[in-house]
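Following: one structure in structure tokens, then a few remarks.
The values are calculated or read from the model by the stated rules, or taken from the named source; none is laboratory data. Note that this is a predicted model, so its numbers are computed, not measured. Glycine gets a Cβ as well: all are built from the backbone with ideal geometry, and neighbour counts include every protein chain shown.
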Amino acid sequence: MSIRPLDGITVISLEHAIAAPFCTRQLADLGARVIKVERPGSGDFARGYDKQVKGQSSHFLWVNRSKESLCLDLKQPAALAALKTLLKTADVLVQNLAPGAAARMGLTAELLQKDNPHLILCDISGYGNNGSYRDKKAYDLLIQSEAGFLSVTGTPESPSKAGNSIADIAAGMYAYTNILAALLQRGKTGKGSVIDVSMLEALGEWMSFPMYYAFEGAEPPPRNGASHATIYPYGPFKAGDGGTVMLGLQNEREWAQFCDVVLEDPVLALDERFDKNFKRNEKRTELLAIIDQCFSKLTTEQVIAKLEKAQIANARLNDMKGLWNHQQLKERDRWVNVDTPAGSIPALLPPGLNNTYDYRMDPIPSVGEHTDAILKELGLSDSDIANMRSSGAI
């Protein structure tokens with residue numbers, strides 16, 4: 001087996017929902033040992049979000065492969081002591097508990113790094129560890145709203161949320177990259193560090209284009225559904241068979257090609273109503289009628305064939321069935337099987353091909369599956385573990 005980048009790195013995660021688990025799953029993909037601390041009994045509440053995959057939660061299966069599940073009731077001294085023992089030799093602690101919850105248990109950088117100066121601590125929260133919003137509850141949709149994402153997404157009549165957990169994903173990605181950077185930094189200094197990741201700031205970074213577009217009080221980009229806010233034609237168009245094709249023009253050369261090859265009307269490229277992007281953007285309704293008249297006589301495949309011939313960027317409007325069966329993903333061997341408590345399921349390999357190692361794609365754990373084994377690693381006896389179980393500490 002090839003050596004993975006994070007082999008030998010141990011991550012302890014007090015995690016639930018999406019943001020922190022998405023971060024730590026990616027660390028596990030690179031070889032890290034991730035010990036997921038869960039509540040005894042029900043575990044991470046994301047396990048109960050739905051039952052779409054063999055009776056299991058789609059959310060949970062997505063972000064929790066290759067982890068070990070350790071059940072601890074951290075309100076009980078024996079369980080908290082076991083966690084603190086683990087942290088004395090761990091490399092990373094990730095947590096997205098309620099603001100202040102970790103500190104109340106004594107899980108502060110000051111105390112933990114006193115015993116383990118190499119420890120990297122990463123806190124993921126809605127608004128960060130200080131400021132007047134620190135204690136405000138933060139769910140994905142609420143952060144999409146606070147970050148202005150809803151104001152530029154949707155139709156003119158109706159703001160729309162993203163169809164997946166974009167704020168959680170953004171925060172999880174920045175936690176992941178910050179931890180990688182902290183590991184590199186520790187290699188130079190020999191010391192751990194403290195990372196404070198805010199969902200608002202993560203999604204705020206992704207909102208920088210519309211923020212700058214609205215610089216100094218300018219009008220923000222309008223909500224145009226799946227169409228581009230400022231470039232036209234750029235977005236979804238109906239074919240005659242009822243299918244939808246996405247296409248995008250970037251410059252005047254492509255506009256001329258589009259008119260000549262796709263619309264079969266080269267003179268239209270010189271029409272003063274449409275000869276610059278800003279004019280096409282202003283006269284969308286008129287131009288849409290011309291495009292619709294052409295596309296209504298063609299099937300989806302015929303439209304795509306014309307766009308390909310003209311070298312115009314295009315895509316099908318895929319649904320989830322289309323993505324499961326995507327030809328390109330199959331041809332690039334992007335699917336592998338991963339075990340779950342209810343049986344094997346297909347999973348996409350992480351983005352990015354590296355020719356020196358294979359990603360770790362180990363099973364998704366059942367609640368508390370590794371509790372006894374981990375506690376025995378810490379030196380606890382069978383009777384110690386039995387006492388913890390009888391008291392509800394595990």
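If we scan the range 155-178, do we find a residue that is in a loop (DSSP other than H, G, I, E, B), surrounded by fewer than 20 Cβ atoms within 10 Å (Cβ to Cβ) and at positive phi? Among the residues of the range 155-178, not one is in a loop (DSSP other than H, G, I, E, B), surrounded by fewer than 20 Cβ atoms within 10 Å (Cβ to Cβ) and at positive phi, which makes the answer no. Of the helices (runs of 4 or more DSSP H) lying entirely inside the range 317-393, those containing at least 1 residues that are small (Gly, Ala, Ser) and farther than 30 Å from LYS75 by Cα are 320-324.
Just a yes or no: is a residue in the range 307-316 in a loop (DSSP other than H, G, I, E, B) and acidic (Asp, Glu)? Before the answer, list the steps.
Applying the first criterion (in a loop (DSSP other than H, G, I, E, B)) to the range 307-316 yields 310-312.
Within this subset, residues satisfying the condition of being acidic (Asp, Glu) are none.
Looking through the range 307-316, none of the residues is in a loop (DSSP other than H, G, I, E, B) and acidic (Asp, Glu).
For the range 358-383, which positions are closer than 30 Å to LEU348 by Cα and of a type in the set (D, E, K, R)? Correct list: ASP358, ARG360, ASP362, GLU369.
Checked against (1) touching a strand residue (DSSP E or B) at 6+ places or on another chain (Cβ under 7 Å); (2) over 28 Å from ASN314 (Cβ atoms), LEU180 meets all criteria but (1). Taken over the range 288-306, the residue count meeting the criterion of being exposed (fewer than 14 other Cβ atoms within 10 Å of the Cβ) and not in a helix (DSSP H, G or I) is 2. A count restricted to the range 79-107 and to residues that are out of contact with any Leu (no Cβ under 7 Å at 6 or more places or on another chain), at pLDDT below 95 and surrounded by fewer than 19 Cβ atoms within 10 Å (Cβ to Cβ) stands at 6.
The residues of the range 14-35 that are touching a residue at least 60 places away in the same chain (Cβ under 8 Å), part of a strand (DSSP E or B) and farther than 21 Å from ALA138 by Cβ amount to a single one, ILE35. Residues in the range 36-52 that are surrounded by 20 or more Cβ atoms within 10 Å (Cβ to Cβ) and out of contact with any Phe, Trp or Tyr (no Cβ under 6 Å at 6 or more places or on another chain): LYS36, VAL37, GLU38, GLY43, ASP44. Residues in the range 328-355 that are modelled with pLDDT under 95 and more than 17 Å from SER66 (Cβ to Cβ): LEU353, ASN355. Within the range 36-51, the set of residues being outside any loop (DSSP other than H, G, I, E, B) and within 18 Å of the chain's Cα centre (by Cα) comprises ALA46, ARG47. Could you tell me whether any residue of the range 128-138 is aromatic (Phe, Trp, Tyr) and either free of Cβ contacts under 8 Å to residues at least 24 places away in the same chain or touching a Cys at 6+ places or on another chain (Cβ under 8 Å) (or both)? The answer is no, given that none of the residues of the range 128-138 is aromatic (Phe, Trp, Tyr) and either free of Cβ contacts under 8 Å to residues at least 24 places away in the same chain or touching a Cys at 6+ places or on another chain (Cβ under 8 Å) (or both).
Remark: pairs (first residue in the range 72-90, closer than 19 Å to ILE179 by Cα; second residue in a helix (DSSP H, G or I); Cβ separation under 6 Å; 6+ apart in sequence or on different chains) = LEU87/LEU112; LYS88/ASP115. Candidates in the range 309-323 are the residues that are without any contact (Cβ under 8 Å) to a residue 24 or more places away in the chain and exposed (fewer than 13 other Cβ atoms within 10 Å of the Cβ); of these, the one that is nearest to LYS238 (Cα to Cα) is ASP319. Here MET173 clears all of (1) over 19 Å from ALA19 (Cα atoms); (2) touching a residue at least 24 places away in the same chain (Cβ under 8 Å) except the condition numbered (1).
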